[in-house]
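Working notes, beginning with the structure itself.
Nothing in this text is a laboratory measurement; each read-out follows from the coordinates by a stated rule. The structure presented is a predicted model; accordingly, all values stated were derived computationally and were not measured. Ideal geometry is used to build each Cβ from the backbone, glycine not excepted, and the neighbour counts take in all protein chains shown.
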Amino acid sequence: MNLLPRVGVGLAAPLLAIVVAGLVTSLVLIGVGDSVAEFWGVMFTVPSARLTVGIVNGASILYLSGLAAAVAFRMNLFNIGVEGQYRVATFAAAYFAGQALLPGYLNTVVTICVAMVVGAAWAGIAAILRVTRGVSEVISTIMLNAIAGGLVAYLLRELGDQQGQIRRTTTIPESSWVGGIPLIPGESSRVYGLAVLAVVAGIAFAVILNRTRFGFDLRATGRSETAAVASGVNVKRMVVSAMLLSGAVAGLIGMLDLFGNSHAYGSTIQVGVGFTGIAVALLGRNNPVGIALGALVFAFLSAQSNALGIEAGISPEIVAVTQGVIVLSVVIAYEVVRRYQVRIEQRDVARALERDRAREAGALS
Amino acid sequence: MSDTATAAVRLQGIVKRFPGVVANHDVEVTVRPGTVHALVGENGAGKSTLMKILYGVQKPDEGSIEIDGQTVVLATPADAIARGIGMVFQHFQLADNLSVLENVVLGAEKRHGIGDAARREIHRISAEYGFDLDPDELVETLGVGARQRVEILKVLYRGARIIILDEPTAVLVPQEVEALFANLRELKREGHTLIFISHKLDEVLAIADEITVLRRGATVATVRPADVTSHDLAELMVGSELPSPSTEESTVTDRVVLEVRDLRVEDKVGRALLSDVTLRIRAGEVVGIAGVEGNGQTELVEAVVGIRRPSTGTVQMLDADVTAWGTRRRRAAGVGYIPEDRQRHGLLLDAPLWENRVLGHQTRAPSMHGYWIDRHGAVADSKRIVAEYDVRTPGVNTTARALSGGNQQKFIVGREMSGDPVLLVASHPTRGVDVGAQAAIWDQIREARRRGLAVLLVSADLDELIGLSDSIRVILRGRLVGTFDPHTVTPQELGSAKTGAGDEAVVDEATVRR
Amino acid sequence: MLQRVVRQRTRVASGIAVAALILAGCAGNDEGSSSTDDICESADGDGPKIGLAFDVGGIGDQSFNDSAYAGLEQVVTDLDGSCTDVEAADGEDDAAREERLRQLADADHTIIIAVGFIYGAAVYNVAPDYPDINFGIIDGAPPEGVDLLTNVANIGFAANQGSFLVGAAAALTTQSDNVGFVGGLNIPLIQDFEMGFEAGVKEINPDIEIQSEYLSQDDAAEGFESPTNGETAATGMFDNGADVVFHAAGKSGLGVFDAAVAAGEGMWAIGVDSDQYLTASAEQKPHILTSMLKRVDTGVIEYVTGVADAVEAGGEAPNGFVTYDLSSDGVGYATSGDFLSQEIIDQLEDLKQQIIDGEIKVPTAF
């Protein structure tokens, strides 16, 4: 009965946030003297087929990153270390796959497992520190990000090859590459074959979280650690499990590009995707569908921003402002909507009570 | 109320509507200056709303408020404070990691600054009313009673002459209640006006000069304590006949369900929180634990449920030694657990009721099907609980937070009684629950006991302990120090046993130790 | 009530945060490409239509990107052409760079110049699809296993030769016989600077101590974008006795200048890529001995002119590896500030001639 308006207000929050972000961005543009009309004209251009593929690819990568952050967020764990886990895992995977110890797609499959294990292990360090020594995972994962950067750079120096200006791991044998999926007929650029991983991970996330005991324990711990303990959840074990899972998903982030495009880990690797994932998870309310929408919005904005400099002469950096404001306002909007929902619900309860009382009074007389 | 003195507070014709519900109507309250005026009523009778109106948190839709004979409009708490009204909330609003001084001056920095002047003022108030508070002590080191005094000091510091106390005794043990009442009498003597909200009728009768009874949002009577008994008051509150816990014939069998032997629990630095605890509960038996809060009840309950590891001793359930078992395994083996703090330990407040049905039952049907959550089963069984335990809610998709405390508790009790538990560990099962719900919960516990349930009952309510238990053990400083037969024991006897034969020093030590 | 207060504070705090963001956005934008005097906003000639894709940092790095822009400005005016310049985002992947190039190509640019080796893979992916467009990559090289293309030129500079000369200048200036080198990334491109610098110093006096440090092994942002990193490294060198420090670290080099200022009078920094004396702050100027000029502007001008000539004459546009060295003034040293005495300049010119004549072979990282 009251489900529909509730879904409505649920959607209202992110939409409101995007509108606010649009206004703020426009104000910045006006303040600097750039053309607001041109900006939105470019941003709202229907993307070309090629760009659409680019958006899907970008969103797939961001989606995995957002999922990785969300797994931990759902338990009130702040895994700021997705970035480090992604880089360590991607390097390890690229190095392993480049050794070509296994033939063809077997190499691909095992490499993906290697990435997940390495990502999980890197996140596991923070988990162990937290459960044994009480070190906040926020601090340890930030430090681990720095260590990951240094470690990968060092290993790249020791184990990588110099190719022109770029140092990279040995290129993966072609038999292990994963071809693209043609998304739009007639368009030559393809969606990463391993974008399938994002879909699979999203479904697995939804199922595990909402349908299994582990997922229930995880959500319960996130909502109230004390209640979870009383219900029999071993919180320490859950902290470790959730961090490992988060790290394993973070390990997947780099696989799309690794097998679909760059075929090696080099200094041109995409950085910062782990941090953007945190924003995407926030935007998507840690919900598998929400994160997908959030990833698409971010990927869309980033992709469209390229044309800004070319067509409107506006620095694409402005889009980072838009993205930042979206995240900021979405947090505020969700809180506003949450309070509103609590009010609606309390009113419903009050009504039900009132009805009961009326009925009782009627029965008495 | 024939006196001609100007009323300190006069509320006339107050009506407050929330969407779909009228929280207050036809409210007439007159509070004479320099008196303790009690406001009683069941949970949900509209006491809190009325006080929020007087404190400027909410605005009435109709009616007038007079303070010292002047009609006023209170739009915000700041207005109320400016008029000399202060409120002491039931849930303390103190920052644990700040000192008493910092908590008091927070938000009132303009009065006496934040330095020595403020410290002197706090000393002065504390001495004047016998609060015994050190401005530089950290709040986290204070006991519950002292924290409450900090709250009262806060409102006095802000110049309040009319002080609203919202269920101030709900969190206190009897000795602390006495101390509080002494403070309140002192305040009254100094000319302050106190409005005291409660549903504990014996306390109301002990402290109040006048009592106004609220029922379903309306004031139904104003009486003097001398003219009524607590039974009269209760009937005014509920508008009908009253239930009470009463003993029945014994259903105790000879099958031992829980056997705790030589249990010792230590805190982080190795001090004993529980020592030499040996306890046996048989099927169909209710064992009550009486004691001043903080004497080891929480630790005992947690050790039985498996949340806390004992350093020595064993816990045996039926034929199994469960000492090494975790909470989950124990619960799966048939332990029901009604925690002391339902909101923190018993519920996921932001989750719908049906998900709360799963909580604590993550390994068992009907809410689970193997490793998978059985949503239909959980929803169906939640509906059963809502119906059987009379949980007032629009449905099982409502979040637990939206329910009133009593209904939350009824839901928890219903859940913990599900799945044929063999042992129920119940901490204060009816604390903060209104009279109707209390009777229902008592009935359920008695019913389960008849079917052979073993119950470990921890309660601060002596009537409840005496009414439900087959045997009562007294806990003091982590030890079980006495056993009483509920048929013969009086509340007075229990009261003195709890405190170590009335030894004040012992009580203080026990309180401080928390 | 306390809660209420806290809530209000939260609201205020978020307001401030938003405001801060806006301000940050403004600040960031000020140094962006949208400054109104951008040549690409006014030029609309019928000559070549040039697309320029910047490396991270963009206009305002007072070094590499600025130098490329200066060349663009010059050549667009000379040839009466038009242009578009686009910035890169931090940490983007190859797909994003590729997309940028494709959009420039789709917008009918006839010459597209990618500033920075990081565009290598992207250009070689895009160029085959646009055979009629000429692509130039500053410092570029084809990815491993990819053949050279006839419409792609890898524009290189003999940075080792220029660095040799500023190395000699450093050696002739130092009082403490102790000099330093700060590199952005530890890659051959930058190692080439180091090797030339070292050879130049040793040419003058083999006993001079040379301190050398790279800001990052693989993170371009840490290496080329962080003045803080540059200042930390250079301060360490000055503390260790160096009195001249040469940097090849893009924007991070601005921190090297600050370190020289902090180290006090008589402490020198040597700039890189463009004549950094001209863009330095007033307090930095007295410390900028010279700059190793890597004439990215010359590279841009020469390349664009070469392509335009070829189009006109129907010949083949420059492609493959195109290197500009001392002989073509693709590299050099700056004398702004007049800190180099005529005596030193004479020696440098002598060394320069010896290099052009092949009498001195400057070691290289390639």
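Just check chain A against the gyration tensor rule for me: Cα atoms, a ≥ b ≥ c as the square roots of the eigenvalues, rounded for a/c under 1.5, and otherwise prolate or oblate depending on whether a/b exceeds b/c. Taking the square roots of the gyration eigenvalues as a ≥ b ≥ c, chain A is oblate.
Springs between Cα atoms under 10 Å define the GNM used for chain C, and in it the highest mean-square fluctuation of C:229, C:154, C:240 occurs at C:240. Based on Cα contacts under 8 Å between residues 6+ apart, chain A shows a relative contact order of 33 percent.
How charged is the neighbourhood of residue C:47? Take every other residue with its Cβ under 9 Å from the Cβ of residue C:47, and add Lys/Arg as +1 and Asp/Glu as -1. Numbers along the way, then the final one.
On the way: positive: C:49; negative: C:46, C:78, C:80.
Here the charged neighbours net out to -2.
In this Cβ point-charge picture (+1 for Lys and Arg, -1 for Asp and Glu), the protein assembly as shown has a dipole of about 8100 debye about its Cα centre. Averaged over the residues of B:402-414, the number of partner chain Cβ atoms lying within 10 Å of the residue Cβ comes to 2.
Note on residue B:401/residue C:144: beta-carbon distance plugged into 1/(1 + (r/R0)^6) with R0 of 51 Å gives a FRET efficiency of 0.25. Each of C:197, C:246, B:484, C:238 has some number of other Cβ atoms within 10 Å of its Cβ, and from fewest to most they run B:484, C:238, C:197, C:246.
DSSP finds beta bridges in the range B:256-513, and of those with both partners inside it, around 55 percent are antiparallel.
Close amide H pairs (under 5 Å, H built 1.01 Å from N) link residue C:323 with C:156, residues at least 5 positions away or on another chain. Taking amide hydrogens as placed 1.01 Å from N in the peptide plane, the amide H of residue C:114 sits under 5 Å from those of C:53, C:136, C:137, C:138, each at least 5 positions away in sequence or on another chain. Between the alpha-carbon centres of the range B:440-460 and the range C:49-89 there is a gap of 83 Å. Residue by residue, the range C:317-327 carries 3J(HN,Hα) couplings of 5, x, 8, x, 9, 10, 10, 10, 10, 4, 5 Hz when phi is fed to the Karplus relation 6.51 cos²θ - 1.76 cosθ + 1.60 (θ = phi - 60°); x denotes Gly or Pro.
By its C-alpha gyration tensor, with a ≥ b ≥ c as the square roots of the eigenvalues, how is the range B:9-238 shaped: rounded for a/c under 1.5, else prolate for a/b larger than b/c, else oblate? In terms of gyration-tensor shape, prolate. Taking every DSSP helix (H) stretch of at least 4 residues in chain B, weighting each as -39,500 (n - 2.57) and dividing the sum by the residue count yields a mean residue ellipticity at 222 nm of -9500 deg cm²/dmol. Counting only Cβ charges, +1 for Lys and Arg and -1 for Asp and Glu, the dipole size of chain B around its Cα centre is about 1480 debye. Each DSSP beta bridge with both residues in the protein assembly as shown is either parallel or antiparallel, and the antiparallel ones are about 40%. Computed about its Cα centre, the charge dipole of the range C:37-129 is approximately 300 debye, with only Lys, Arg, Asp and Glu carrying charge at their Cβ.
Taking other C-beta atoms within 10 Å as the exposure proxy, C:83, C:40, A:113 rank A:113, C:40, C:83 from fewest upward.
If you average the C-alpha positions of the range B:286-303 and of the range B:112-127 separately, how far apart do those two centres end up, in angstrom? The range B:286-303 and the range B:112-127 have Cα centres spaced 39 Å from each other. Mean per-residue shielding of peptide A:16-27 is 1, counting Cβ atoms of other chains within 10 Å of each Cβ. Among A:252, A:155, A:283, whose mean-square fluctuation peaks in a Gaussian network model of chain A (Cα, cutoff 10 Å)? Checking each option, the largest mean-square fluctuation is seen for A:155. Of the GluC sites (Glu not before Pro) in the range C:219-272, the ones in a loop by DSSP (not H, G, I, E or B) with at most 16 other beta carbons within 10 Å are C:265. Could you tell me which of rounded, prolate or oblate describes chain C, using a ≥ b ≥ c as the square roots of the eigenvalues of the alpha-carbon gyration tensor, with rounded for a/c under 1.5 and, failing that, prolate when a/b is larger than b/c and oblate otherwise? Cα axes put chain C in the oblate bin.
The angle separating the long axis of helix B:375-388 from the principal Cα axis of greatest extent in chain B is about 60 degrees.
The stretch between residue B:114 and residue B:231, if pulled fully straight at 0.36 nm per residue, gains 37.3 nm over its current Cα-Cα span.
Take the residue pairs C:49/C:251; B:59/B:110; A:236/B:498; A:236/B:268; B:52/B:188 and return only those whose Cα atoms are more than 25 Å apart. Correct reply: C:49/C:251; B:59/B:110; A:236/B:498. Helices assigned as whole DSSP H runs in chain A whose Cα atoms extend at least 20 Å along their own long axis and whose mean Kyte-Doolittle hydropathy is -1.0 or higher are found at A:3-32, A:49-73, A:82-99, A:104-133, A:137-159, A:195-211, A:235-253, A:288-307, A:317-364. The ranking of A:131, C:245 from fewest to most other beta carbons within 10 Å of each one's beta carbon is A:131, C:245.
Springs between Cα atoms under 10 Å define the GNM used for chain A, and in it the highest mean-square fluctuation of A:343, A:157, A:213 occurs at A:343. Projecting the Cα positions of A:24, B:398, A:224 onto the charge dipole of the protein assembly as shown (unit charges on Cβ atoms of Lys, Arg, Asp and Glu, taken about the Cα centre) puts B:398 furthest along the positive direction. Relative to one another, the C-alpha centroids of the range A:268-295 and the range C:309-324 are positioned 45 Å apart. The C-alpha radius of gyration of the protein assembly as shown, expressed as a fraction of 2.2 N^0.38 Å, stands at 1.16.
Determine the equivalent ellipsoid of chain B by diagonalising the alpha-carbon gyration tensor, then write out the semi-axes as square roots of 5 times the eigenvalues, largest first, rounded to whole Å. Working shown, then result.
Values: eigenvalues 327, 152, 100 Å².
In descending order the semi-axes read 40, 28, 22 Å.
In the range B:256-513, inverting the average of 1/r over every pair of distinct C-alpha atoms gives 18.7 Å as the Kirkwood radius.
Looking at chain C, the DSSP beta bridges with both ends there are about 10 percent antiparallel.
For the segment A:208-218, counting C-beta atoms of other chains within 10 Å of every residue's C-beta and taking the mean gives 4.
Working from Cα positions, state the angle (0 to 90°, nearest 10) between the long axis of helix B:435-450 and the longest principal axis of chain B. Helix B:435-450 sits roughly 10 degrees off the main axis of chain B.
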